[in-house]
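Before any comments, here is the structure.
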Amino acid sequence: MDPTADIPPLSADGAPETNRRSACGAILAAILATAASGCRTAATASRCTEPVTLEKSTTPTPRRRPIALSTWDHGLPANRAALGVLHADGSALDAVETGCRVVELECPDMTVGLGSRPDRDGRVTLDAAIMTGDGRAGCVAFVQGVAHPVSLARLVMERTPHVLLVGAGAEQFARESGISVTAPTLTRAAEAEWRAWLAERRYQPTINIENHDTISMLALDAAGNMAAASTTSGLAFKMHGRVGDSPIIGAGIFVDAPIGGAICTGLGETVLRTLGAHLAVEAMRAGATPQEACERAIDRIIEKNGDPSGYQVGMLALDFEGRIGAYAVQRGFTFAIQEELRDAPSRFS
Ligand code: GLY
(Lines give C-alpha, C1' and ligand atoms only; values in the text may rest on other atoms or scores of the structure.)
Protein backbone atom coordinates (compact mmCIF):
# COMPACT_ATOMS: atom_id res chain seq x y z
CA MET A 1 0.00 0.00 0.00
CA ASP A 2 1.25 3.45 -0.83
CA PRO A 3 1.62 5.12 2.57
CA THR A 4 1.51 8.63 1.21
CA ALA A 5 -2.24 9.00 0.85
CA ASP A 6 -3.16 12.51 1.78
CA ILE A 7 -5.01 13.23 4.98
CA PRO A 8 -7.41 16.15 5.27
CA PRO A 9 -7.39 18.03 8.55
CA LEU A 10 -9.21 16.37 11.43
CA SER A 11 -10.42 17.76 14.68
CA ALA A 12 -9.59 15.99 17.92
CA ASP A 13 -12.76 13.92 17.69
CA GLY A 14 -12.04 12.89 14.12
CA ALA A 15 -14.48 15.32 12.50
CA PRO A 16 -13.29 17.68 9.75
CA GLU A 17 -11.33 20.57 11.15
CA THR A 18 -13.43 23.70 10.62
CA ASN A 19 -13.73 25.40 13.96
CA ARG A 20 -10.84 27.82 13.67
CA ARG A 21 -11.48 28.97 10.16
CA SER A 22 -14.34 30.70 8.46
CA ALA A 23 -16.88 28.33 6.98
CA CYS A 24 -15.97 29.44 3.44
CA GLY A 25 -12.27 29.08 4.12
CA ALA A 26 -12.77 25.64 5.60
CA ILE A 27 -14.82 24.39 2.67
CA LEU A 28 -12.32 25.78 0.17
CA ALA A 29 -9.40 24.25 2.07
CA ALA A 30 -11.15 20.89 2.23
CA ILE A 31 -11.89 20.93 -1.49
CA LEU A 32 -8.29 21.86 -2.31
CA ALA A 33 -6.93 19.20 0.04
CA THR A 34 -9.22 16.58 -1.45
CA ALA A 35 -8.35 17.55 -5.00
CA ALA A 36 -4.64 17.51 -4.21
CA SER A 37 -4.89 14.08 -2.64
CA GLY A 38 -6.76 12.42 -5.45
CA CYS A 39 -9.37 11.24 -2.98
CA ARG A 40 -12.71 10.65 -4.64
CA THR A 41 -14.79 11.10 -1.52
CA ALA A 42 -16.66 14.31 -0.75
CA ALA A 43 -14.77 17.29 0.58
CA THR A 44 -16.50 16.86 3.91
CA ALA A 45 -15.23 13.31 4.44
CA SER A 46 -13.33 13.03 7.69
CA ARG A 47 -10.54 10.94 6.21
CA CYS A 48 -9.22 9.89 2.82
CA THR A 49 -8.15 6.29 2.71
CA GLU A 50 -7.51 6.12 -1.02
CA PRO A 51 -3.82 5.64 -1.77
CA VAL A 52 -2.28 8.19 -4.07
CA THR A 53 1.15 8.55 -5.58
CA LEU A 54 2.49 11.94 -4.72
CA GLU A 55 4.73 13.60 -7.23
CA LYS A 56 7.64 15.90 -6.72
CA SER A 57 6.32 19.45 -6.57
CA THR A 58 8.38 22.38 -7.74
CA THR A 59 5.73 24.86 -6.62
CA PRO A 60 4.74 23.76 -3.14
CA THR A 61 1.13 24.48 -2.27
CA PRO A 62 0.89 25.76 1.29
CA ARG A 63 -1.30 23.18 3.06
CA ARG A 64 -0.33 23.72 6.65
CA ARG A 65 -2.57 21.86 9.02
CA PRO A 66 -2.11 19.77 12.11
CA ILE A 67 -0.53 16.42 11.34
CA ALA A 68 0.68 13.67 13.68
CA LEU A 69 2.77 10.75 12.41
CA SER A 70 4.06 7.97 14.66
CA THR A 71 5.74 4.58 14.59
CA TRP A 72 4.04 1.25 15.25
CA ASP A 73 0.60 0.40 16.60
CA HIS A 74 1.23 2.38 19.75
CA GLY A 75 1.38 5.38 17.43
CA LEU A 76 -2.42 5.40 17.47
CA PRO A 77 -2.92 6.36 21.12
CA ALA A 78 0.10 8.65 20.80
CA ASN A 79 -1.40 10.39 17.77
CA ARG A 80 -4.77 10.76 19.49
CA ALA A 81 -3.14 12.61 22.35
CA ALA A 82 -0.99 14.68 19.99
CA LEU A 83 -3.97 15.63 17.83
CA GLY A 84 -5.81 16.75 20.95
CA VAL A 85 -2.97 19.21 21.54
CA LEU A 86 -2.71 20.27 17.91
CA HIS A 87 -6.43 20.87 17.45
CA ALA A 88 -6.46 23.06 20.53
CA ASP A 89 -3.90 25.22 18.69
CA GLY A 90 -1.07 23.66 20.68
CA SER A 91 2.46 23.49 19.34
CA ALA A 92 4.07 20.61 17.48
CA LEU A 93 6.57 20.45 20.34
CA ASP A 94 3.85 19.99 22.97
CA ALA A 95 2.12 17.48 20.68
CA VAL A 96 5.08 15.12 20.27
CA GLU A 97 5.93 15.28 23.97
CA THR A 98 2.31 14.59 24.95
CA GLY A 99 2.02 11.70 22.48
CA CYS A 100 5.25 10.06 23.64
CA ARG A 101 4.22 10.37 27.29
CA VAL A 102 1.12 8.27 26.60
CA VAL A 103 3.25 5.34 25.42
CA GLU A 104 5.81 5.85 28.19
CA LEU A 105 2.99 5.26 30.67
CA GLU A 106 1.42 2.30 28.91
CA CYS A 107 3.28 0.18 26.38
CA PRO A 108 1.96 -3.37 26.02
CA ASP A 109 5.01 -4.24 23.89
CA MET A 110 7.28 -3.53 26.88
CA THR A 111 9.60 -1.45 24.73
CA VAL A 112 8.97 2.08 26.05
CA GLY A 113 8.96 3.41 29.61
CA LEU A 114 9.63 1.91 33.00
CA GLY A 115 7.61 -1.24 32.28
CA SER A 116 10.03 -2.28 29.54
CA ARG A 117 12.20 -5.35 29.20
CA PRO A 118 15.53 -4.79 30.93
CA ASP A 119 19.10 -5.02 29.74
CA ARG A 120 21.10 -8.21 30.31
CA ASP A 121 21.80 -7.15 33.91
CA GLY A 122 18.11 -6.74 34.69
CA ARG A 123 18.08 -2.91 34.54
CA VAL A 124 15.57 -0.89 32.51
CA THR A 125 17.56 1.91 30.89
CA LEU A 126 15.77 4.49 28.79
CA ASP A 127 16.66 6.84 25.91
CA ALA A 128 14.71 9.80 24.48
CA ALA A 129 15.13 12.81 22.23
CA ILE A 130 13.15 15.83 21.11
CA MET A 131 13.86 18.37 18.37
CA THR A 132 12.24 21.37 16.71
CA GLY A 133 12.56 22.60 13.15
CA ASP A 134 14.64 25.61 14.21
CA GLY A 135 17.44 23.29 15.34
CA ARG A 136 16.82 23.15 19.08
CA ALA A 137 17.30 19.68 20.54
CA GLY A 138 17.49 17.81 23.83
CA CYS A 139 18.27 14.17 24.54
CA VAL A 140 18.79 11.80 27.43
CA ALA A 141 20.34 8.34 27.29
CA PHE A 142 20.93 5.45 29.68
CA VAL A 143 18.61 6.90 32.33
CA GLN A 144 16.99 4.77 35.00
CA GLY A 145 13.94 5.39 37.18
CA VAL A 146 12.53 8.27 35.10
CA ALA A 147 8.92 7.74 34.03
CA HIS A 148 8.97 10.30 31.22
CA PRO A 149 12.41 10.52 29.57
CA VAL A 150 10.91 12.55 26.70
CA SER A 151 10.01 15.34 29.13
CA LEU A 152 13.48 15.17 30.65
CA ALA A 153 14.91 15.49 27.12
CA ARG A 154 12.77 18.58 26.61
CA LEU A 155 14.13 20.08 29.83
CA VAL A 156 17.69 19.42 28.61
CA MET A 157 16.77 21.40 25.49
CA GLU A 158 15.05 24.25 27.31
CA ARG A 159 17.03 24.61 30.54
CA THR A 160 20.61 23.62 29.78
CA PRO A 161 23.28 24.73 27.33
CA HIS A 162 23.66 21.07 26.29
CA VAL A 163 21.98 18.68 23.88
CA LEU A 164 22.62 15.27 25.47
CA LEU A 165 22.83 14.16 29.11
CA VAL A 166 23.42 10.51 30.01
CA GLY A 167 23.17 8.14 32.95
CA ALA A 168 23.72 9.42 36.48
CA GLY A 169 24.20 12.98 35.22
CA ALA A 170 20.81 12.94 33.48
CA GLU A 171 19.20 11.50 36.63
CA GLN A 172 20.84 14.20 38.76
CA PHE A 173 19.48 16.84 36.38
CA ALA A 174 16.03 15.23 36.68
CA ARG A 175 16.11 15.48 40.49
CA GLU A 176 17.32 19.08 40.32
CA SER A 177 14.41 19.83 37.98
CA GLY A 178 11.87 18.33 40.37
CA ILE A 179 11.40 15.09 38.44
CA SER A 180 11.18 12.00 40.59
CA VAL A 181 13.76 9.27 40.00
CA THR A 182 12.54 5.97 41.38
CA ALA A 183 14.53 2.93 42.47
CA PRO A 184 15.09 0.34 39.73
CA THR A 185 12.33 -2.27 39.54
CA LEU A 186 11.01 -4.71 36.95
CA THR A 187 7.40 -5.49 36.22
CA ARG A 188 6.46 -9.10 36.76
CA ALA A 189 6.17 -9.68 32.99
CA ALA A 190 9.53 -8.06 32.24
CA GLU A 191 11.25 -10.04 34.98
CA ALA A 192 9.77 -13.31 33.69
CA GLU A 193 11.05 -12.60 30.16
CA TRP A 194 14.47 -11.58 31.45
CA ARG A 195 14.80 -14.75 33.52
CA ALA A 196 13.78 -16.83 30.52
CA TRP A 197 16.39 -14.98 28.42
CA LEU A 198 19.09 -15.61 31.04
CA ALA A 199 18.72 -19.34 30.43
CA GLU A 200 20.15 -18.92 26.91
CA ARG A 201 21.79 -15.45 26.89
CA ARG A 202 21.68 -15.14 23.12
CA TYR A 203 21.96 -11.74 21.45
CA GLN A 204 19.58 -12.44 18.63
CA PRO A 205 17.20 -9.56 17.99
CA THR A 206 13.88 -10.76 16.67
CA ILE A 207 12.60 -8.74 13.74
CA ASN A 208 9.49 -6.69 14.60
CA ILE A 209 9.39 -8.10 18.11
CA GLU A 210 12.36 -7.00 20.17
CA ASN A 211 12.97 -4.38 17.52
CA HIS A 212 9.32 -3.44 17.76
CA ASP A 213 10.42 -0.69 19.95
CA THR A 214 10.60 3.00 19.79
CA ILE A 215 7.70 5.38 19.70
CA SER A 216 8.96 8.09 17.38
CA MET A 217 6.72 10.97 16.41
CA LEU A 218 6.60 13.85 13.97
CA ALA A 219 4.06 16.66 14.22
CA LEU A 220 3.27 19.71 12.12
CA ASP A 221 1.14 22.30 13.89
CA ALA A 222 -1.37 24.79 12.50
CA ALA A 223 1.23 27.54 12.59
CA GLY A 224 3.54 25.48 10.36
CA ASN A 225 6.04 24.43 13.04
CA MET A 226 7.43 20.91 13.04
CA ALA A 227 8.83 18.85 15.93
CA ALA A 228 10.01 15.28 16.40
CA ALA A 229 10.49 13.09 19.46
CA SER A 230 11.34 9.52 20.34
CA THR A 231 11.47 7.45 23.50
CA THR A 232 12.49 3.83 24.03
CA SER A 233 14.08 1.26 26.26
CA GLY A 234 16.09 0.16 23.23
CA LEU A 235 17.05 -3.36 22.41
CA ALA A 236 15.85 -5.94 24.93
CA PHE A 237 18.62 -7.66 26.95
CA LYS A 238 21.26 -5.32 25.52
CA MET A 239 24.62 -4.91 27.24
CA HIS A 240 24.45 -2.57 30.23
CA GLY A 241 25.32 0.88 28.92
CA ARG A 242 24.25 0.26 25.34
CA VAL A 243 22.57 3.24 23.66
CA GLY A 244 20.82 3.04 20.30
CA ASP A 245 19.79 5.55 17.67
CA SER A 246 16.75 7.03 19.40
CA PRO A 247 18.46 9.67 21.58
CA ILE A 248 20.97 10.65 18.92
CA ILE A 249 20.07 13.68 16.82
CA GLY A 250 20.40 12.83 13.14
CA ALA A 251 20.13 9.10 13.81
CA GLY A 252 16.75 8.40 15.43
CA ILE A 253 15.17 11.79 14.75
CA PHE A 254 15.97 14.91 12.75
CA VAL A 255 13.97 18.01 11.80
CA ASP A 256 15.16 20.96 9.78
CA ALA A 257 12.90 23.82 8.73
CA PRO A 258 11.91 24.50 6.05
CA ILE A 259 12.81 21.07 4.66
CA GLY A 260 11.09 18.48 6.87
CA GLY A 261 11.68 15.80 9.43
CA ALA A 262 12.39 12.08 9.64
CA ILE A 263 12.18 9.47 12.41
CA CYS A 264 13.41 5.90 12.71
CA THR A 265 12.65 2.73 14.60
CA GLY A 266 14.30 -0.67 14.57
CA LEU A 267 17.76 -1.96 15.29
CA GLY A 268 19.56 1.17 16.46
CA GLU A 269 23.07 0.09 15.55
CA THR A 270 22.18 0.01 11.86
CA VAL A 271 20.72 3.51 12.03
CA LEU A 272 23.61 4.91 14.08
CA ARG A 273 26.09 3.80 11.44
CA THR A 274 24.32 5.84 8.80
CA LEU A 275 22.58 8.69 10.69
CA GLY A 276 19.38 7.48 9.10
CA ALA A 277 17.03 10.38 9.91
CA HIS A 278 19.59 12.92 8.73
CA LEU A 279 20.03 10.98 5.49
CA ALA A 280 16.31 11.25 4.76
CA VAL A 281 16.07 14.96 5.54
CA GLU A 282 19.11 15.71 3.40
CA ALA A 283 17.53 13.71 0.56
CA MET A 284 14.46 15.95 0.84
CA ARG A 285 16.71 19.00 0.81
CA ALA A 286 18.11 17.70 -2.48
CA GLY A 287 14.59 17.50 -3.92
CA ALA A 288 13.29 14.06 -2.97
CA THR A 289 9.70 13.66 -1.81
CA PRO A 290 9.34 12.28 1.73
CA GLN A 291 8.58 8.85 0.26
CA GLU A 292 11.64 8.92 -2.01
CA ALA A 293 13.73 10.15 0.92
CA CYS A 294 12.68 7.22 3.12
CA GLU A 295 13.42 4.75 0.34
CA ARG A 296 16.88 6.22 -0.30
CA ALA A 297 17.75 6.26 3.39
CA ILE A 298 16.60 2.66 3.90
CA ASP A 299 18.56 1.57 0.83
CA ARG A 300 21.66 3.25 2.24
CA ILE A 301 21.14 1.58 5.63
CA ILE A 302 20.96 -1.79 3.90
CA GLU A 303 24.02 -0.99 1.78
CA LYS A 304 26.11 -0.05 4.82
CA ASN A 305 24.93 -2.82 7.15
CA GLY A 306 25.15 -5.81 4.89
CA ASP A 307 22.84 -8.81 5.07
CA PRO A 308 19.43 -7.33 5.92
CA SER A 309 17.78 -10.62 6.85
CA GLY A 310 18.47 -10.16 10.56
CA TYR A 311 17.16 -6.70 11.29
CA GLN A 312 14.31 -4.30 10.82
CA VAL A 313 14.43 -0.53 10.38
CA GLY A 314 11.32 1.54 9.76
CA MET A 315 11.47 5.16 8.68
CA LEU A 316 8.87 7.93 8.44
CA ALA A 317 9.28 11.39 6.94
CA LEU A 318 7.15 14.53 6.75
CA ASP A 319 7.67 17.75 4.85
CA PHE A 320 6.26 21.19 5.51
CA GLU A 321 3.65 20.71 2.80
CA GLY A 322 2.22 17.87 4.86
CA ARG A 323 3.42 15.10 2.54
CA ILE A 324 4.50 11.91 4.27
CA GLY A 325 6.82 9.02 3.46
CA ALA A 326 7.12 5.57 5.04
CA TYR A 327 9.44 2.69 4.25
CA ALA A 328 11.05 -0.25 6.02
CA VAL A 329 13.68 -2.90 5.48
CA GLN A 330 11.26 -5.73 6.23
CA ARG A 331 7.54 -6.19 6.03
CA GLY A 332 5.61 -5.64 9.24
CA PHE A 333 6.38 -2.02 10.06
CA THR A 334 3.15 -0.28 11.01
CA PHE A 335 2.70 3.43 11.52
CA ALA A 336 -0.06 5.81 12.51
CA ILE A 337 -1.05 8.85 10.44
CA GLN A 338 -3.64 10.91 12.28
CA GLU A 339 -6.04 8.25 13.65
CA GLU A 340 -5.37 5.62 11.02
CA LEU A 341 -2.94 2.71 11.19
CA ARG A 342 -1.09 1.71 8.00
CA ASP A 343 1.46 -0.85 6.86
CA ALA A 344 4.61 0.64 5.42
CA PRO A 345 5.97 -0.72 2.14
CA SER A 346 9.31 -2.45 2.56
CA ARG A 347 12.41 -3.40 0.60
CA PHE A 348 11.94 -7.08 1.46
CA SER A 349 8.78 -9.05 2.07
N1 GLY B 1 15.73 1.94 17.85
C2 GLY B 1 15.91 1.83 19.21
C3 GLY B 1 17.16 1.17 19.62
O4 GLY B 1 17.75 0.42 18.87
O5 GLY B 1 17.57 1.41 20.72
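The values are calculated or read from the model by the stated rules, or taken from the named source; none is laboratory data. Small disclaimer: the values here were computed from a predicted structure and weren't measured. With ideal geometry, Cβ positions are generated from the backbone for all residues, glycine too; neighbour counts draw on all protein chains shown.
Consider region 252-268 and keep the residues that are near the ligand (Cβ under 9 Å from one of its atoms) and assigned to a strand (DSSP E or B). The one that is farthest from A283 (Cα to Cα) is G266. When we screen I248, I298, I302, I259 for residues that are of a type in the set (V, I, T) and within 22 Å of V103 (Cβ to Cβ), the only hit is I248.
Counting just the residues of region 77-118 that are modelled with pLDDT of 95 or more and in contact with a His (Cβ under 6 Å, 6 or more places away or on another chain), which one comes out surrounded by the most Cβ atoms within 10 Å (Cβ to Cβ)? Top of the filtered list is V103. Per the conditions (1) surrounded by fewer than 23 Cβ atoms within 10 Å (Cβ to Cβ); (2) modelled with pLDDT of 95 or more; (3) away from the ligand (no atom under 16 Å from the Cβ), the sole criterion not satisfied by I249 is (3). Within region 172-188, residues that are without any contact (Cβ under 8 Å) to a residue 60 or more places away in the chain sit with their Cβ atoms under 9 Å from residues that are of a type in the set (K, R) and exposed (fewer than 15 other Cβ atoms within 10 Å of the Cβ), at 6+ positions apart or across chains, in these pairs: F173/R159; S177/R159; V181/R175.
Looking at region 164-190 only, could you name the residues that are under 17 Å from R117 (Cα atoms) and not hydrophobic (A, V, I, L, M, F, W, C)? Scanning region 164-190 gives T182, P184, T185, T187, R188.
Scanning region 269-287 finds one or more residues that are assigned to a helix (DSSP H, G or I), among the polar types (S, T, N, Q) and either in contact with a Lys or Arg (Cβ under 9 Å, 6 or more places away or on another chain) or within 16 Å of the ligand (Cβ to nearest atom) (or both).
On the stretch given as region 147-190, residues that are under 21 Å from the mean Cα position of the chain (by Cα), of a type outside the set (A, V, I, L, M) and buried (at least 19 other Cβ atoms within 10 Å of the Cβ) total 4.
Name every residue in region 209-232 that is more than 8 Å from the ligand (Cβ to nearest atom), in a loop (DSSP other than H, G, I, E, B) and within 25 Å of V124 (Cα to Cα), in order of residue number. If the condition is that a residue be more than 8 Å from the ligand (Cβ to nearest atom), in a loop (DSSP other than H, G, I, E, B) and within 25 Å of V124 (Cα to Cα), then I209, E210, H212 are the ones that fit. Residue count for region 103-134 satisfying the condition of being among the β-branched types (V, I, T) and either part of a loop (DSSP other than H, G, I, E, B) or within 13 Å of A236 (Cβ to Cβ) (or both): 4. Note on region 139-163: residues that are touching a residue at least 24 places away in the same chain (Cβ under 8 Å) and closer than 26 Å to T185 by Cβ amount to 17. Which condition number does G178 fail, the rest of (1) at positive phi; (2) within 16 Å of the ligand (Cβ to nearest atom) being met? So the condition that G178 fails would be (2). Taken as a whole, region 291-299 holds no residue that is away from the ligand (no atom under 16 Å from the Cβ), basic (K, R) and in contact with a Ser or Thr (Cβ under 6 Å, 6 or more places away or on another chain).
Selection of first residues in region 190-212 that are β-branched (V, I, T) and of second residues that are at pLDDT 75 or above and within 16 Å of the ligand (Cβ to nearest atom), restricted to Cβ pairs under 6 Å at least 6 apart or on distinct chains, gives the following pairs, ordered by first then second residue: I207/Q312; I207/Q330. Just one of the numbered conditions (1) surrounded by 24 or more Cβ atoms within 10 Å (Cβ to Cβ); (2) in a helix (DSSP H, G or I) is not true of V140: (2). Checking G322, G314 one by one, the residue that is closer than 17 Å to L218 by Cα and part of a strand (DSSP E or B) is G314 and no other.
Yes or no: region 52-59 includes at least one residue that is at pLDDT 95 or above and small (G, A, S).
Of region 52-59, the ones at pLDDT 95 or above are none.
Looking for residues that are at pLDDT 95 or above and small (G, A, S), one finds none in region 52-59, hence no.
Any idea which of (1) at pLDDT 95 or above; (2) small (G, A, S); (3) away from the ligand (no atom under 16 Å from the Cβ) is the one S309 doesn't satisfy? Result: S309 passes all but (1).
Being surrounded by fewer than 24 Cβ atoms within 10 Å (Cβ to Cβ), farther than 27 Å from G306 by Cα and either touching a residue at least 12 places away in the same chain (Cβ under 8 Å) or acidic (D, E) (or both): is that true of I259 here?
On the way: surrounded by fewer than 24 Cβ atoms within 10 Å (Cβ to Cβ): yes; farther than 27 Å from G306 by Cα: yes; either touching a residue at least 12 places away in the same chain (Cβ under 8 Å) or acidic (D, E) (or both): yes.
For I259, the condition - surrounded by fewer than 24 Cβ atoms within 10 Å (Cβ to Cβ), farther than 27 Å from G306 by Cα and either touching a residue at least 12 places away in the same chain (Cβ under 8 Å) or acidic (D, E) (or both) - is met.
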